[in-house]
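Okay, so here's the structure we're looking at.
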Ligand SMILES: [Zn+2]
């Protein structure tokens, strides 16, 4: 597991935001680079992402830390979502950024797109990044955004927005099948 302080990524990739990210943590698995600011936030997120019995059987026994638990759960949801969509893009990898509440999601969305929304989460196509409200996170919300990430990585030519959304909704609906 590769773990570095986000400040490093901040300096290299996002100079404008590096000061905001000074205290955040970053860790990666096969499919996801996870960014979060506090252990408590991470614990709440881990508890909110409840896997159905069929998927929780795939959890490795040796997930000791909360980080490992979140990464393992996310990887399991990714593989289930790929099966639901029947899309297995090569080199699938995205960033997952945990934000405390929907208010923070709105704030980030406004900064990026100058548009007021009341989303619980969103997927940024240009950044290949899922932003999700920890308070509102659950299996279906996360599966929806992972659906967007898979569709984004699968097609060379981006499908129309409505089709993208439809496939994310399909993933969300069938993630527990
Ligand atoms: Zn969507």
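Side notes on the structure shown:
- Hits in the stretch 101-121 - residues which are under 24 Å from residue 67 (Cβ atoms) and touching a helix residue (DSSP H, G or I) at 6+ places or on another chain (Cβ under 6 Å): 120, 121
- Residue, surrounded by the fewest Cβ atoms within 10 Å (Cβ to Cβ), within the stretch 33-69, restricted to residues that are within 17 Å of residue 143 (Cα to Cα) and in contact with a strand residue (DSSP E or B) (Cβ under 6 Å, 6 or more places away or on another chain): 33
- Test: residue in the stretch 76-97 that is surrounded by fewer than 16 Cβ atoms within 10 Å (Cβ to Cβ), outside any helix (DSSP H, G or I) and touching a helix residue (DSSP H, G or I) at 6+ places or on another chain (Cβ under 6 Å): yes
- Residue in the stretch 113-126 that is more than 15 Å from the ligand (Cβ to nearest atom) and surrounded by 14 or more Cβ atoms within 10 Å (Cβ to Cβ) present: no
- Cβ-Cβ distances below 6 Å connect the following pairs, each with a first residue in the stretch 127-150 that is under 18 Å from residue 50 (Cα atoms), a second residue that is within 15 Å of the ligand (Cβ to nearest atom) and in a loop (DSSP other than H, G, I, E, B), and a separation of six or more residues or different chains: 133/120; 136/120; 141/120; 143/175.
- Residue 130 in contact with a strand residue (DSSP E or B) (Cβ under 6 Å, 6 or more places away or on another chain) and within 16 Å of the ligand (Cβ to nearest atom): yes
Yes or no, residue by residue, for (1) closer than 16 Å to residue 105 by Cα; (2) touching a strand residue (DSSP E or B) at 6+ places or on another chain (Cβ under 8 Å); (3) near the ligand (Cβ under 10 Å from one of its atoms):
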| residue | (1), (2), (3) |
| --- | --- |
| 140 | no, no, no |
| 146 | no, yes, no |
| 149 | no, yes, no |
| 154 | no, no, no |
| 164 | no, no, yes |
| 177 | no, no, no |
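- Residue check for residue 168: away from the ligand (no atom under 11 Å from the Cβ), under 22 Å from residue 51 (Cβ atoms) and buried (at least 16 other Cβ atoms within 10 Å of the Cβ): no
- Within the option set 33, 27, 65, being farther than 26 Å from residue 152 by Cβ and at pLDDT 90 or above holds for one residue only, 65.
The values are calculated or read from the model by the stated rules, or taken from the named source; none is laboratory data. The model shown is predicted, which means the values in this text are computed figures rather than measured ones. Cβ: placed from backbone, ideal geometry, glycine included. Neighbour counts: every protein chain shown.
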